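S.K.: Before I ask anything, here is the structure I am working with.
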Amino acid sequence: MKSRNLIVILLAVLLLMSFVPGCRDNSTPNPDDLERHERTFFVMDTMVDVILWTAKDRSEVADIFSQVDDELQRLHAIFSAFEDDSDVAKISDAAGIEPVQVQPETLEVIQAALDYADMTDGKFDITLAPVLRLYTFGEDARVPTQQEIDEKLPLVDYSLVEVDMQAGTVFLPQPGMRLDLGGIAKGYVVDVATDMLRDLGVETGVVNAGGDISFVGPKYDGTPWRIGIKDPTRHRTHQFAVIELEGGAIVTSGDYERYVEQDGVRYHHIIDPADGQPARSCKSVTIVAPNAMLADLLSTAVFVMGPEAGMALVESLEGVEALIWDAQDQVHASSGLDWEDRR
Ligand code: AMP
Ligand code: MG
């Protein structure tokens with residue numbers, strides 16, 4: 001037989017196989033078999049919205065949601081800066097006194113934060129808490145004076161944090177030092193939920209913690225996930241971009257998320273460790289990364305680093321992309337980002 005005929009026969013067989021249900025690729029579920037289920041959890045001051053498309057029955061799904069809930073509440077109790085017996089609070093309360101034994105998850109997140117802090121030239125700093133605590137948003141909003149900030153800045157230095165992986169302890173050597181994992185823990189929690197859903201056999205789904213988004217497998221109908229990115233100057237009503245993804249994670253940090261305005265100036269929640277002031281060179285930073293913890297950390301870090309240094313860091317990292325809206329309302333996209341400009 002001529003090799004061309006052979007190729008035609010092979011193609012015909014492949015085409016036929018794609019119509020036979022039993023021959024479907026296992027990784028692509030049949031959309032007709034999947035039912036949508038949604039549940040919202042409240043952890044770490046955020047609504048975590050989980051949407052699944054699965055062939056599992058109602059009681060199996062209820063069981064999966066209850067396992068996810070238990071795990072999210074457990075992690076909340078470990079990471080929250082405001083729960084007295086969280087690992088984060090215990091480490092902070094023992095600053096200058098003694099190392100504290102913590103959960104493996106705490107060690108993992110702190111070590112990742114410290115590893116990346118070096119790459120961000122110290123712009124991402126989990127010891128910023130004494131300064132962060134001076135700012136309050138919402139009802140009793142308050143902007144600290146530079147003098148108050150300057151009194152706390154000497155306590156901010158991630159390079160002093162001592163992590164002992166063997167002993168399972170973390171130590172802050174100076175009295176008054178404190179930890180805040182607000183720029184990274186949400187992403188970690190989203191990853192844990194996503195991994196859990198995947199391990200429990202969920203075919204496809206989304207975990208969304210207030211804009212920290214991660215995907216369980218490809219979308220139910222085989223098309224890419226489409227994520228709208230808020231216009232930071234009109235965040236309630238407008239999106240300025242759409243990013244299509246097959247999986248992984250996407251996280252946005254914006255100056256519109258938590259802020260207080262005073263004398264016409266916006267004071268928001270992403271702070272430059274150099275002077276304790278809100279970072280001024282970006283309005284929004286979106287990061288695409290293989291996991292939500294990295295995307296979360298980098299969205300905060302790049303926001304502080306600014307478009308130039310931030311984009312250079314993003315370009316140096318494998319599998320990481322960024323879309324930055326800067327203070328002059330210019331938009332910068334990393335070289336490998338696939339995005340639709342809606343401006
Ligand atoms: P995100 O909304 O992910 O950008 O995270 C912002 C949160 O990260 C803030 O609410 C603080 O808890 C924390 N944070 C703010 N500035 C920094 C910084 N320079 N380094 C590390 N964490 C920060
Ligand atoms: Mg972040």
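The values are calculated or read from the model by the stated rules, or taken from the named source; none is laboratory data. Computed from a predicted model, the values in this text were never measured in an experiment. We place every Cβ from the backbone using ideal geometry, glycine too, and count neighbours over all the protein chains shown.
S.K.: Test HIS238 against the criterion of being in contact with a Pro (Cβ under 9 Å, 6 or more places away or on another chain), surrounded by fewer than 20 Cβ atoms within 10 Å (Cβ to Cβ) and not basic (Lys, Arg), and give yes or no. Let's see the steps before the verdict.
M.R.: Values: in contact with a Pro (Cβ under 9 Å, 6 or more places away or on another chain): no; surrounded by fewer than 20 Cβ atoms within 10 Å (Cβ to Cβ): yes; not basic (Lys, Arg): yes.
So HIS238 fails the test.
S.K.: To continue, here is another question. Looking only at region 220-230, which residues are part of a loop (DSSP other than H, G, I, E, B) and without any contact (Cβ under 8 Å) to a residue 60 or more places away in the chain?
M.R.: At the first step, the residues of region 220-230 found to be part of a loop (DSSP other than H, G, I, E, B) are 220-224.
Across region 220-230, the qualifying residues are THR223, PRO224.
S.K.: Pick from ALA249, ALA209, ALA193, ALA274: which is away from ligand 1 (no atom under 11 Å from the Cβ), small (Gly, Ala, Ser) and touching a Gly at 6+ places or on another chain (Cβ under 9 Å)? Break it down into steps so the answer makes sense when it comes.
M.R.: Working: ALA209 fails: away from ligand 1 (no atom under 11 Å from the Cβ); ALA193 fails: touching a Gly at 6+ places or on another chain (Cβ under 9 Å); ALA274 fails: away from ligand 1 (no atom under 11 Å from the Cβ).
Of ALA249, ALA209, ALA193, ALA274, the one residue that is away from ligand 1 (no atom under 11 Å from the Cβ), small (Gly, Ala, Ser) and touching a Gly at 6+ places or on another chain (Cβ under 9 Å) is ALA249.
S.K.: Is region 130-146 home to any residue that is exposed (fewer than 14 other Cβ atoms within 10 Å of the Cβ), part of a loop (DSSP other than H, G, I, E, B) and at positive phi?
M.R.: yes
S.K.: Can you tell me which residue within region 295-318, out of those that are surrounded by fewer than 24 Cβ atoms within 10 Å (Cβ to Cβ) and assigned to a helix (DSSP H, G or I), is nearest to ligand 2 (Cβ to nearest atom)?
M.R.: Filtering region 295-318 for residues that are surrounded by fewer than 24 Cβ atoms within 10 Å (Cβ to Cβ) and assigned to a helix (DSSP H, G or I), the one nearest to ligand 2 (Cβ to nearest atom) comes out as LEU313.
S.K.: For region 319-337, which positions are of a type in the set (Asp, Glu) and surrounded by fewer than 17 Cβ atoms within 10 Å (Cβ to Cβ)?
M.R.: Taking region 319-337 and keeping what is of a type in the set (Asp, Glu), we get 321, 326, 329.
Hit for region 319-337 is ASP329, nothing else.
S.K.: Within region 312-323, is there a residue that is among the charged types (D, E, K, R) and within 16 Å of ligand 1 (Cβ to nearest atom)?
M.R.: Initial filter on region 312-323 (among the charged types (D, E, K, R)): 315, 318, 321.
Adding the requirement that they be within 16 Å of ligand 1 (Cβ to nearest atom) leaves none.
No, region 312-323 contains no residue that is among the charged types (D, E, K, R) and within 16 Å of ligand 1 (Cβ to nearest atom).
S.K.: Determine which single condition ASP150 fails, assuming it passes every other condition in (1) modelled with pLDDT of 95 or more; (2) in a loop (DSSP other than H, G, I, E, B).
M.R.: (2)
S.K.: Same structure, new question: Can ILE126 be described as within 16 Å of ligand 1 (Cβ to nearest atom) and β-branched (Val, Ile, Thr)?
M.R.: Working: within 16 Å of ligand 1 (Cβ to nearest atom): yes; β-branched (Val, Ile, Thr): yes.
When the stated conditions are applied, ILE126 passes them.
S.K.: Sticking with this structure for a sec: Which condition number does HIS269 fail, the rest of (1) within 23 Å of HIS238 (Cβ to Cβ); (2) more than 9 Å from ligand 1 (Cβ to nearest atom); (3) surrounded by fewer than 20 Cβ atoms within 10 Å (Cβ to Cβ) being met?
M.R.: (2)
S.K.: Further question: Can you spot a residue in region 142-154 that is away from ligand 2 (no atom under 16 Å from the Cβ) and within 25 Å of the chain's Cα centre (by Cα)?
M.R.: no
S.K.: Just need a number here: residues in region 174-219 that are in a loop (DSSP other than H, G, I, E, B) and within 16 Å of ligand 2 (Cβ to nearest atom).
M.R.: Of the residues in region 174-219, 8 are in a loop (DSSP other than H, G, I, E, B) and within 16 Å of ligand 2 (Cβ to nearest atom).
The rows are residues; the columns are (1) touching a strand residue (DSSP E or B) at 6+ places or on another chain (Cβ under 6 Å); (2) charged (D, E, K, R); (3) over 22 Å from MET311 (Cβ atoms).
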site	(1), (2), (3)
VAL190	yes, no, yes
PHE215	yes, no, yes
TRP225	yes, no, yes
ALA249	yes, no, no
GLU257	no, yes, no
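S.K.: Could you run through region 155-169 and say how many residues are more than 16 Å from ligand 1 (Cβ to nearest atom) and in contact (Cβ under 8 Å) with a residue 12 or more places away in the chain? Spell out the reasoning first.
M.R.: Our first condition is that a residue be more than 16 Å from ligand 1 (Cβ to nearest atom); within region 155-169, this holds for 162-169.
Narrowing further to those that are in contact (Cβ under 8 Å) with a residue 12 or more places away in the chain: 162-165, 167-169.
The number of residues fulfilling the criteria is 7.
To keep it simple, each residue is scored yes or no on (1) out of contact with any strand residue (DSSP E or B) (no Cβ under 9 Å at 6 or more places or on another chain); (2) among the hydrophobic types (A, V, I, L, M, F, W, C); (3) at positive phi.
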{"residue": "ARG266", "(1), (2), (3)": "no, no, no"}
{"residue": "LEU294", "(1), (2), (3)": "no, yes, no"}
{"residue": "THR300", "(1), (2), (3)": "no, no, no"}
{"residue": "GLY306", "(1), (2), (3)": "no, no, yes"}
{"residue": "GLU318", "(1), (2), (3)": "yes, no, no"}
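S.K.: Could you please let me know if ASP63 is of a type in the set (Asp, Glu) and touching an Asp or Glu at 6+ places or on another chain (Cβ under 9 Å)?
M.R.: no
S.K.: Return only the number of the condition from (1) under 25 Å from GLN111 (Cβ atoms); (2) in contact with a helix residue (DSSP H, G or I) (Cβ under 8 Å, 6 or more places away or on another chain) that SER281 does not satisfy.
M.R.: It fails just one condition, (1).
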